[in-house]
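Worksheet for the structure shown next.
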Amino acid sequence: MIFVTVGTHTAPFDRLVRAASTLADLDTVVVQRGNSLEQPEGCRFEDAMSPEQWQHHIETASVVVTHGGTGSIFAALAHGVPLVVPRRRLWCEHVDDHQVAFAQHLGDRVRVVHNVDGLRDAVMQALEQQRQPATLRDPDELCRSSDRLIRGCVPCSRFASNRTLFVPWGRKPERCHC
């Protein structure tokens, strides 16, 4: 089974949901389509899933195709190397391109598919390879560095060298709680 998940952001991710149709002849395709109104041909699809149902699909899929959300990526990494199609600001899929930055930050731990025209080939290649959990060189450092990237933490000279300044979107700076 191929599991395609677009997350829960309010903007639809039609580009990925439409592309899921190109996978229907490869295997059973289950799509969590979020706020998209697209109905991918040949696929089973649901707008939302319970956390248990979503986790079950992550655990049993031969290939996971996910948006660039951290929770989805980290869940998929525990069961293989996911294909990541980041949401893009250019197509009004998100407010900025932080998913692109996060996917690039992860490097070879994930396979990034920037153009959905290449999704089918990427999925076929993933199906050919044996499904193995990703080997993280240092899972704790990956989490810390990803957290800093996501939160926008920057070194701050006002605090001790092991402290950072946390600047959440649209707020005044405060001490980081990482």
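The values are calculated or read from the model by the stated rules, or taken from the named source; none is laboratory data. From a predicted model like this one, the values you see are computed outputs, not experimental measurements. Ideal geometry is used to build each Cβ from the backbone, glycine not excepted, and the neighbour counts take in all protein chains shown.
If the condition is being touching a strand residue (DSSP E or B) at 6+ places or on another chain (Cβ under 9 Å) and closer than 20 Å to ILE73 by Cα, then region 9-22 contributes LEU16, VAL17, ALA19, ALA20.
Taking region 93-161 as the region of interest, the helices (runs of 4 or more DSSP H) fully inside it that hold 2 or more residues being at pLDDT below 80 are 98-106, 139-151.
Looking at region 33-46, can you tell me whether even one residue there is surrounded by 18 or more Cβ atoms within 10 Å (Cβ to Cβ), under 17 Å from GLN125 (Cβ atoms) and among the hydrophobic types (A, V, I, L, M, F, W, C)? No; the residues of region 33-46 include none that is surrounded by 18 or more Cβ atoms within 10 Å (Cβ to Cβ), under 17 Å from GLN125 (Cβ atoms) and among the hydrophobic types (A, V, I, L, M, F, W, C). Residue check: is LEU26 in contact (Cβ under 8 Å) with a residue 12 or more places away in the chain, in contact with a His (Cβ under 8 Å, 6 or more places away or on another chain) and not acidic (Asp, Glu)? So LEU26 does not fit the description; no.
For region 50-80, enumerate the residues that are part of a helix (DSSP H, G or I) and over 20 Å from ALA101 (Cβ atoms). Give the derivation first.
Applying the first criterion (part of a helix (DSSP H, G or I)) to region 50-80 yields 51-60, 70-77.
Selection gives PRO51, GLU52, GLN53, TRP54, GLN55, HIS56, HIS57, ILE58, GLU59, THR60.
Say whether the condition of being in a loop (DSSP other than H, G, I, E, B), modelled with pLDDT of 95 or more and in contact with a Pro (Cβ under 8 Å, 6 or more places away or on another chain) is met by at least one residue in region 19-29. Yes; the residues of region 19-29 include at least one that is in a loop (DSSP other than H, G, I, E, B), modelled with pLDDT of 95 or more and in contact with a Pro (Cβ under 8 Å, 6 or more places away or on another chain).
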